[in-house]
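S.K.: Structure below; questions to follow.
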Amino acid sequence: MATLNLFNYLAPPYACYDFDRIYSETQWQKKQHWLSNYLSKQQPDIIGFQEVFSIESLKTLVTSHGYKYFAVIDQPEVIDEHIFQKPVVAIASKYPIMKAEAISVNSTLAKTIGLNDKFTFARKVLRATINIPNLGATDCYVVHFKSKRSTLESESKPESKQALTKQLENYITGKWAASLQRGSEATLLMCEIITRREKSKHPIILMGDFNDNLHEGVLKQLTTTQLAADKSQDEAKEFAKYLPQDAWQLYLRAISNEQQNSSELNVSKHSTLKENKHSAQKARTATHYYGSKGSVLDYILLSHEFDASHQDSFFMISQYDVFDKHLIKPNFELDGESSDHAPVMVTLTLRA
């Protein structure tokens, strides 16, 4: 399964955000070819998308690659009949999508944490319940949390001292407002996931562009283990059922478990994991770059059914890939209209 921010996926002659931001036909075909090439080579069975404007174009493309099931739960906003803004998320699957719906905000919880009871996600969160082989009904969430971009506009060139101080005020308060929105989205979504898990017992997959570091700041609560750490062993196991974990950490855990098992059995066997002797120590690959600085913004989180260290797990993460060639060593003819994010994909292996 994979997640991919498509970066302004909008077919001409329409524009995104500004009237002159329009792909030429050549640019659009290059973008389509890049996506098609990725799907052909990597063939994820389930893939979540962000920054989708041209829904029908995307549906047509993924259908041609064998994705029989496709879902969106929102529409982008159109202004002046020509300019698109507020892109949406989507999901494509080779397995049946049993139901797709938007996640609604619990207004009571929103008020409890000091938000307006009309608080909403900046971009609607999609939940698709997919019938996955050997697992059954699984709840797959696709998210695109609020970016770090300030929510307040400022003059690009302040012409007075007063304008300068106003710009600073707007920057500080606008950046915090963006963090508050993003953190609130993560908190309210996590509460909804817990409530849903209790009712349905479905395994959880949460994927998308988180626009922040998962393990720091306002997103930490998505994978918090502190509450479980303070409980008894039995209680901790019960808490673990409601807390999805970072697929990268699960991958390293799977490597560690397999190495330990092989050592205990004193058996030399071919590992099902794609690894080398430095796998557990290597640095995590960035999924986005701002200038020369790389960050991990795109994640896949999974519940305990995918955790090799959990006795009730069905699968283990046997491979974790970040496809970043178009970011670090681009070929303009192939990658010129690709994405500013790297797709993240995990491979699941059924445990014996």
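The values are calculated or read from the model by the stated rules, or taken from the named source; none is laboratory data. Since the structure is predicted, the reported quantities are computational estimates derived from the model, not experimental observations. So basically every Cβ, Gly included, is an ideal-geometry build from the backbone, and we count neighbours across all protein chains shown. Protein only, heavy atoms only, side chains kept; ligands, DNA and RNA dropped before computing areas. Shrake-Rupley method; radii C 1.70, N 1.55, O 1.52, S 1.80 Å.
S.K.: Which FRET efficiency, nearest 0.05, do Lys175 and His65 yield, Cβ-Cβ r, R0 56 Å?
M.R.: Numbers: r = 39 Å, r/R0 = 0.70.
For Lys175 and His65, the calculated efficiency is 0.90.
S.K.: Another question, then. Taking a spot 7 Å from the Cα of Leu350 along the direction of its beta carbon, which residues of segment 289-332 have an amide N less than 14 Å from it?
M.R.: 314-316
S.K.: Now for a different question. Using 0.36 nm times the number of residues separating Asp340 and Ser36, minus their current alpha carbon distance, what extension gain do you get? Write down the numbers at each step before the final one.
M.R.: On the way: separation 304, 0.36 × 304 = 109.44 nm, distance 1.65 nm.
Length difference between fully extended and current span is 107.8 nm.
S.K.: While we're on this one: Can you give the helix-only mean residue ellipticity at 222 nm for the chain, where every DSSP H stretch with n ≥ 4 adds -39500 (n - 2.57) and the sum goes over all residues, rounded to the nearest 500 deg cm²/dmol?
M.R.: Numbers: 9 runs with 113 residues, N = 352.
For the chain, the value works out to -10000 deg cm²/dmol.
S.K.: Now for a separate question. Around Gln181, what is the net charge, scoring Lys/Arg as +1 and Asp/Glu as -1 over all other residues with Cβ under 12 Å from its Cβ?
M.R.: Values: positive: Arg123, Lys146, Lys148, Arg149, Lys175, Arg182; negative: Glu185, Asp212.
Around Gln181, the surrounding residues sum to +4.
S.K.: Of all accessible surface on the chain at a 1.4 Å probe, what whole percent is carbon and sulfur? Walk me through the numbers on the way to the answer.
M.R.: Values: 9260 of 18300 Å².
The value for the chain is 51 percent carbon and sulfur by accessible area.
S.K.: Between helix 25-42 and the chain, what is the angle of the helix's C-alpha long axis to the longest principal axis, kept within 0 to 90° and rounded to the nearest 10?
M.R.: Once rounded, the angle reads 10 degrees.
S.K.: Hey, what did segment 1-157 get for relative contact order, percent, Cα under 8 Å, at least 6 apart? Intermediate values should be presented prior to the final figure.
M.R.: Working: 275 pairs, mean separation 30.7, N = 157.
For segment 1-157, the relative contact order is 20 percent.
S.K.: Using a Förster radius of 41 Å, what is the FRET efficiency between Leu164 and Glu81 based on their Cβ-Cβ separation? Nearest 0.05, please.
M.R.: Numbers: r = 38 Å, r/R0 = 0.93.
Working from the Cβ atoms, E equals 0.60.
S.K.: Let me ask another. Whole number in Å², please: accessible area per residue of the chain, 1.4 Å probe, ligands, DNA and RNA not counted.
M.R.: Values: 18300 Å² over 352 residues.
Computed with neighbouring chains in place, this is 52 Å² per residue.
S.K.: Between their Cα atoms, which of Lys41/Lys146; Lys68/Lys220; Lys68/Lys124; Lys30/Lys175 are more than 25 Å away from each other?
M.R.: Values: Lys41/Lys146 31 Å; Lys68/Lys220 35 Å; Lys68/Lys124 23 Å; Lys30/Lys175 34 Å.
Result: Lys41/Lys146; Lys68/Lys220; Lys30/Lys175 exceed 25 Å.
S.K.: Under Stokes-Einstein, with the Kirkwood radius over Cα pairs standing in for Rh, what whole-number D in µm²/s applies to the chain at 25 °C and 0.890 mPa s? Let's see the in-between values first.
M.R.: Details: Rh = 21.7 Å.
Rounded to a whole number, D works out at 113 µm²/s.
S.K.: Starting from segment 300-352, pick out the chymotrypsin sites (Phe, Trp or Tyr not before Pro) whose DSSP state is loop and whose Cβ has at most 10 other Cβ atoms within 10 Å. Intermediate values should be presented prior to the final figure.
M.R.: Working: sites: Phe306, Phe314, Phe315, Tyr320, Phe323, Phe332; in loops: Phe314, Phe323.
Filter output for segment 300-352: empty list.
S.K.: On a C-alpha basis, how far is the centre of segment 77-125 from the centre of segment 297-313 in Å? Whole number, if you could?
M.R.: 25
S.K.: Calculate how steeply helix 161-200 sits against the longest principal axis of the alpha-carbon atoms of the chain, using the helix alpha-carbon long axis, and give the answer as 0 to 90 degrees to the nearest 10.
M.R.: So the helix axis and the longest Cα principal axis differ by about 40 degrees.
S.K.: Non-local amide H neighbours of Met98 (under 5 Å, H modeled in plane, Pro and chain starts lacking H): which ones?
M.R.: Placed amide hydrogens put Thr129, Ile130, Asn131 under 5 Å from Met98.
S.K.: Compare Ala186, Ala90, Ala177 in a GNM of the chain, Cα atoms joined below 10 Å, and give the one with the largest fluctuation.
M.R.: Most flexible of the set in this elastic network: Ala177.
S.K.: Segment 1-107: which GluC sites (Glu not before Pro) are DSSP loop and have at most 11 other beta-carbon atoms within 10 angstrom? Please report the intermediate quantities before stating the final value.
M.R.: On the way: sites: Glu25, Glu51, Glu56, Glu77, Glu81, Glu101; in loops: Glu81.
Here the GluC sites (Glu not before Pro) that fit, given the DSSP loop and packing criteria, are Glu81.
S.K.: When only C-alpha pairs under 8 Å and at least 6 residues apart count, what is the relative contact order of the chain, in percent? Spell out each step's value before the answer.
M.R.: Numbers: 681 pairs, mean separation 61.9, N = 352.
Relative contact order, the chain: 18 percent.
S.K.: Separate question: In degrees from 0 to 90, rounded to the nearest 10, what is the angle of the helix 55-64 Cα long axis to the longest principal axis of the chain?
M.R.: 40
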